[in-house]
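Q: A single structure is presented below for examination.
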Amino acid sequence: MTLKAAPPSAGARHFIDAFNDPEAAARYVDGPPRFVPGLESLHRMCGVLLAERASQNARVLVVGAGGGMELKHLAQAYPGWTFVGVDPAAEMLRGAERLLGPLNDRVELVEGYVEDVAAGDFDAAACLLTLHFLDTDERVRTAGEIRKRLKPGAPFVAAHGSFPQGPGERDLWLDRYAAFAIASGFDADKARGAREAVAAHVSMFSPEQDEAILRQAGFSDVTQFYAAFTWRGWVAYA
């Protein structure tokens, strides 16, 4: 596939390369439940918020769909919905296919970026645990491209790493990010390695900055619905 998107930043490329490692992709589903408090509930809240405005036969765009966890939950909870899931990491998409199993008949998976998804009046969209990999310009552009693919007034749910960035706060919250994973049973050395990778390659923003980015991308009625340690989630409308 020829990608239309601008080349990702060095930070985003670091994680794309990591997720394209077959062993890392195979282990992926074990990680997020240890790092993200209430991940299963986050998936459930995402579905509830999308279903407020999406019909029973909605067409839903999922950006950063590699791994397939949110796709599986949404497909099981809303049997009339169909999905387009996009992710730049081929190995992660293969993992999503394996996880979805018989649900694949309602899901189209696209290797690439949101710009590689054909424009077409989606009824809802979600982007979970993904936007934090992008710098400011990439994040605004990506959110804007998602909005362009939504019907007017359609809901969008975004959730990702977002925490205070003031003097001394970033390191404190990154330490807590690793400590929570360790307390949840994740290997301590790997958790600390993940903390260092995030510190070196991810441009985390404050919740206020993240909300402003969604507004800059053209979304309205941006409302935070989820806050859990180093993570935040918002619902907004095209």
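The values are calculated or read from the model by the stated rules, or taken from the named source; none is laboratory data. Just so it is clear, the structure is predicted and the values come from calculations on it, not from any experiment. Please note: Cβ atoms are built from the backbone with ideal geometry, for glycine as well, and neighbour counts cover all protein chains shown. Please note that ligands, DNA and RNA were not included when accessible areas were found on the heavy atoms of the full protein model with its side chains. Shrake-Rupley method; radii C 1.70, N 1.55, O 1.52, S 1.80 Å.
Q: So Ala179 clears everything in (1) of a type in the set (Gly, Ala, Ser); (2) within 24 Å of Gly31 (Cβ to Cβ); (3) open to solvent by less than 40 Å² (accessible area, probe 1.4 Å) except one condition, right? Which one?
A: Of (1) of a type in the set (Gly, Ala, Ser); (2) within 24 Å of Gly31 (Cβ to Cβ); (3) open to solvent by less than 40 Å² (accessible area, probe 1.4 Å), only one is false for Ala179: (3).
Q: If you don't mind, another one. Filter the range 197-208 for residues that are part of a helix (DSSP H, G or I) and not charged (D, E, K, R); which is surrounded by the fewest Cβ atoms within 10 Å (Cβ to Cβ)?
A: Per the criteria, the residue is Ala200.
Q: Restricting to the range 41-62, and then to whatever is of a type outside the set (Gly, Ala, Ser) and open to solvent by less than 10 Å² (accessible area, probe 1.4 Å), can you tell me which residue is farthest from Glu115 (Cα to Cα)?
A: Once the filter is applied, the top-ranked residue is Leu42.
Q: Something else now. Among the numbered conditions (1) over 23 Å from Lys190 (Cα atoms); (2) open to solvent by 20 Å² or more (accessible area, probe 1.4 Å); (3) modelled with pLDDT of 65 or more; (4) out of contact with any helix residue (DSSP H, G or I) (no Cβ under 8 Å at 6 or more places or on another chain), tell me where Gly38 comes up short.
A: Evaluating Gly38 over (1) over 23 Å from Lys190 (Cα atoms); (2) open to solvent by 20 Å² or more (accessible area, probe 1.4 Å); (3) modelled with pLDDT of 65 or more; (4) out of contact with any helix residue (DSSP H, G or I) (no Cβ under 8 Å at 6 or more places or on another chain) leaves (1) as the failure.
Q: Additional query: Quick check on this structure: which one of Gly80, Gly85, Gly120 is open to solvent by less than 50 Å² (accessible area, probe 1.4 Å) and within 19 Å of the chain's Cα centre (by Cα)?
A: Checking each option against the conditions leaves just Gly85.
Q: State yes or no: is Ala90 at pLDDT 95 or above, open to solvent by less than 60 Å² (accessible area, probe 1.4 Å) and over 15 Å from Leu129 (Cβ atoms)?
A: Considered against the rule, which asks whether it is at pLDDT 95 or above, open to solvent by less than 60 Å² (accessible area, probe 1.4 Å) and over 15 Å from Leu129 (Cβ atoms), Ala90 comes out as no.
Q: Determine if the range 135-151 includes at least one residue that is under 26 Å from His73 (Cβ atoms), open to solvent by less than 60 Å² (accessible area, probe 1.4 Å) and out of contact with any Phe, Trp or Tyr (no Cβ under 9 Å at 6 or more places or on another chain).
A: So far as the range 135-151 goes, no, none of its residues is under 26 Å from His73 (Cβ atoms), open to solvent by less than 60 Å² (accessible area, probe 1.4 Å) and out of contact with any Phe, Trp or Tyr (no Cβ under 9 Å at 6 or more places or on another chain).
Q: Which of the numbered conditions does Glu211 fail, given that it passes all the others? Conditions: (1) open to solvent by less than 50 Å² (accessible area, probe 1.4 Å); (2) closer than 30 Å to Ala154 by Cβ; (3) in a helix (DSSP H, G or I).
A: Here Glu211 clears every test but (1).
Q: Continuing with the same structure: Within the bounds of the range 88-98, is there any residue that is within 24 Å of Glu138 (Cβ to Cβ), touching a residue at least 24 places away in the same chain (Cβ under 8 Å) and touching a Lys or Arg at 6+ places or on another chain (Cβ under 6 Å)?
A: The answer is no, given that none of the residues of the range 88-98 is within 24 Å of Glu138 (Cβ to Cβ), touching a residue at least 24 places away in the same chain (Cβ under 8 Å) and touching a Lys or Arg at 6+ places or on another chain (Cβ under 6 Å).
Q: Ala227: of a type in the set (A, V, I, L, M, F, W, C), under 19 Å from Gly31 (Cβ atoms), surrounded by fewer than 17 Cβ atoms within 10 Å (Cβ to Cβ) and without any contact (Cβ under 8 Å) to a residue 60 or more places away in the chain, yes or no?
A: no
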